[in-house]
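Presented below is the structure to which this report refers.
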Amino acid sequence: MSTLEIRRARAGDEDLILTLLRELAVYEKIEDRFRLTREVIASDFLCAGPHCFCDLAFLGGDPVGVMTSYPIYASFSAARGIFLEDLFVRPAFRGKGFGKALLTHLARRAVADGARYIDWFVIDWNKPSIDFYESLGAESPKGWLSYRLGTSALERLAGV
């Protein structure tokens with residue numbers, strides 16, 4: 001029986017990362033917003049000072065899933081954290097503990113790096129993921145709304 005291998009993405013993984021994250025966008029029904037390219041992956045994920053980290057999961061050499069994350073900071077509580085941007089396990093591999101293994105991998109890294117929490121978003125219709133996260137003890141922060149200053153509003157505010 002093969003063992004799950006989780007490793008940090010490296011040069012040469014651009015096409016695999018692109019494929020897995022596109023599969024996630026299709027699953028989440030937001031492929032129309034997908035703008036990621038090989039070049040962006042190389043410059044943002046795989047550069048000397050990456051803006052985002054990417055881990056890949058393999059079973060017997062077969063790609064199982066992907067996870068992207070980046071460091072965040074909560075100033076009031078003076079706490080370092082990690083924001084989990086993407087967590088995706090291919091449908092054929094779901095229900096086998098690979099999602100939990102990826103999160104465990106991230107949790108171990110967070111603890112080793114002195115982070116005190118991991119945050120992420122989940123689409124409100126994704127009941128299987130919500131149930132999975134809650135089974136791990138994750139909670140949805142009550143009383144907080146998520147906002148985003150998008151491209152046109154961002155440029156307008158910046159005066160460009």
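What follows is calculated from the coordinates using simple rules that are stated; it is not laboratory data. As the structure is a computational prediction, the values presented were derived from the model and not from experiment. Positions of Cβ are generated from backbone atoms using ideal geometry, with glycine treated the same way; all protein chains shown enter the neighbour counts.
Among 44, 86, 131, which comes first, then next, by fewest other beta-carbon atoms within 10 Å?
Working: 44 15, 86 18, 131 9.
Ordered from fewest to most neighbouring Cβ atoms within 10 Å, 44, 86, 131 come out as 131, 44, 86.
Under 4 °C and 1.567 mPa s, how fast does the chain diffuse according to Stokes-Einstein, given a Kirkwood radius computed over C-alpha pairs? Answer in µm²/s, whole number. Display every interim value, and only then the final one.
On the way: Rh = 17.2 Å.
Answer from the Stokes-Einstein relation: 75 µm²/s.
Shape class for region 51-145: oblate, because the ratio a/c of the largest to smallest gyration tensor axis (alpha-carbon atoms, square roots of eigenvalues) is 1.5 or more and b/c is at least a/b. Taking only Cα atoms and a 10 Å spring cutoff, compute GNM fluctuations for the chain and point out the largest among 147, 27, 117. For the chain, modelled as a Gaussian network with Cα springs under 10 Å, the answer is 147. Using a simple spin-label model with pseudo-atoms 7 Å out from Cα toward Cβ, residue 155 and residue 27 lie 3.3 nm apart.
Counting only DSSP beta bridges with both residues in the chain, tell me the antiparallel percent, nearest 5.
Numbers: 22 of 25 bridges.
Counting DSSP beta bridges with both partners in the chain, the antiparallel share is about 90 percent.
Between region 1-51 and region 75-112, the C-alpha centres lie 15 angstrom from each other.
Taking 0.36 nm per residue of separation and subtracting the Cα-Cα distance, what length does fully extending residue 40 through residue 83 add? Mind showing how you got there, number by number?
Details: separation 43, 0.36 × 43 = 15.48 nm, distance 1.92 nm.
Extending this stretch completely gives an extra 13.6 nm.
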